[in-house]
1. Which ones in region 7-18 are among the hydrophobic types (A, V, I, L, M, F, W, C) and either at pLDDT 80 or above or in contact with a Phe, Trp or Tyr (Cβ under 7 Å, 6 or more places away or on another chain) (or both)?
2. Does any residue of region 25-37 turn out to be surrounded by 10 or more Cβ atoms within 10 Å (Cβ to Cβ) and either of a type in the set (Phe, Trp, Tyr) or at pLDDT 80 or above (or both)?
3. Any idea which of (1) among the β-branched types (Val, Ile, Thr); (2) open to solvent by 90 Å² or more (accessible area, probe 1.4 Å); (3) modelled with pLDDT of 80 or more is the one ILE3 doesn't satisfy?
4. Within region 38-49, track down each residue that is surrounded by fewer than 11 Cβ atoms within 10 Å (Cβ to Cβ) and either modelled with pLDDT under 80 or not in a loop (DSSP other than H, G, I, E, B) (or both).
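The values are calculated or read from the model by the stated rules, or taken from the named source; none is laboratory data. Only a predicted model underlies this, so the values are computations on that prediction, with no experimental measurement involved. Every residue, glycine as well, gets a Cβ built from its backbone with ideal geometry; the counts of neighbours run over all protein chains shown. Keep in mind that these areas ignore ligands, DNA and RNA; they rest on the heavy atoms of the full protein, side chains included. Shrake-Rupley method; radii C 1.70, N 1.55, O 1.52, S 1.80 Å.
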Amino acid sequence: MIITKMHLSRRTMLRGLGAALALPLLDAMVPALTALARTAAAPVRRFGVFYVPNGMSMPYWVPKTGGLLQELPPTLRSLAEF
């Protein structure tokens, strides 16, 4: 913790506390009988990318047989219980 000679006023503290308590109520402000996709509360679409710049040896990551997984490749054996 860094100790400085600055302080927060009581008014600033109460304003921040009021904002923190009011944030969950913003979810309840979606208009009734309106499709969620047409409101500002619509979920955000995300896009994830996994990039391997030097490539990878796929036989270490892909199972040797199709269908149910009887044996996992060595790199995936830590996930066997899942």
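1. Once the filter is applied, which keeps residues that are among the hydrophobic types (A, V, I, L, M, F, W, C) and either at pLDDT 80 or above or in contact with a Phe, Trp or Tyr (Cβ under 7 Å, 6 or more places away or on another chain) (or both), region 7-18 yields MET13, LEU14, LEU17.
2. Checking region 25-37: not a single residue is surrounded by 10 or more Cβ atoms within 10 Å (Cβ to Cβ) and either of a type in the set (Phe, Trp, Tyr) or at pLDDT 80 or above (or both).
3. For ILE3, the failing item is (3).
4. Scanning region 38-49 gives ARG38, ALA40, PRO43, VAL44.
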